[in-house]
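Reviewing the structure listed below.
The values are calculated or read from the model by the stated rules, or taken from the named source; none is laboratory data. Just so it is clear, the model here is predicted, and its values are computed rather than measured. Glycine also receives a Cβ, built like all others from the backbone with ideal geometry; neighbour counts cover every protein chain displayed.
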Amino acid sequence: MKKTHFLLTKNPDTANTFFPNAFIGRLDGKKATHSKAFFETIAVALQFPEESGANLDALDEMLNDLDWIDQEQVILVISNANDWLSQEKSTDKVLTIIDIMDATAEDWKWMDEEEGVAKKELKIILEDTPRIRTLLEEQEIPFGEL
């Protein structure tokens, strides 16, 4: 398995095997076909605090925080990935969401533990589909396979 933030799999349930001690948030792509639904479902999957917003800035802020999660490894598993954001009218917004997740995961990788801030490792596991591969390749985001 490559050391990357994005991993593609044929079976999203394998996350438990590869990351047995991680916090695993599960997001069903069929329930997140547009950005508004995505913001709602990721908030549930990663147990965002109630006061978090539902927009790109809030997503960035919450992914850069994660202090409410005890485990160091945080895994977001997106099943039914072919449906995920498939009805979002703005392609730019879809690409921005992917870029935010990538940049945040990379930031966590290089963050030194500051006083009171526990270091995290963020990985995004998506069901492997041609659409998802194309989205990641177009953004030049490296990915591995589980």
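Quick check: anything in segment 87-97 of a type outside the set (A, V, I, L, M) and buried (at least 18 other Cβ atoms within 10 Å of the Cβ)? So far as segment 87-97 goes, yes, one or more of its residues are of a type outside the set (A, V, I, L, M) and buried (at least 18 other Cβ atoms within 10 Å of the Cβ).
From the list LYS89, LYS123, the lone residue that is at pLDDT 90 or above and within 12 Å of the chain's Cα centre (by Cα) is LYS123. Is it true that some residue in segment 123-131 is assigned to a helix (DSSP H, G or I) and within 17 Å of ILE42 (Cα to Cα)? So far as segment 123-131 goes, no, none of its residues is assigned to a helix (DSSP H, G or I) and within 17 Å of ILE42 (Cα to Cα).
Selection of first residues in segment 104-127 that are among the hydrophobic types (A, V, I, L, M, F, W, C) and of second residues that are in a helix (DSSP H, G or I) and modelled with pLDDT under 90, restricted to Cβ pairs under 7 Å at least 6 apart or on distinct chains, gives the following pairs, ordered by first then second residue: LEU122/TRP108; ILE125/PRO12.
Within segment 63-85, the set of residues being of a type outside the set (S, T, N, Q), surrounded by fewer than 20 Cβ atoms within 10 Å (Cβ to Cβ) and closer than 19 Å to LEU95 by Cβ comprises just one member, ASP83.
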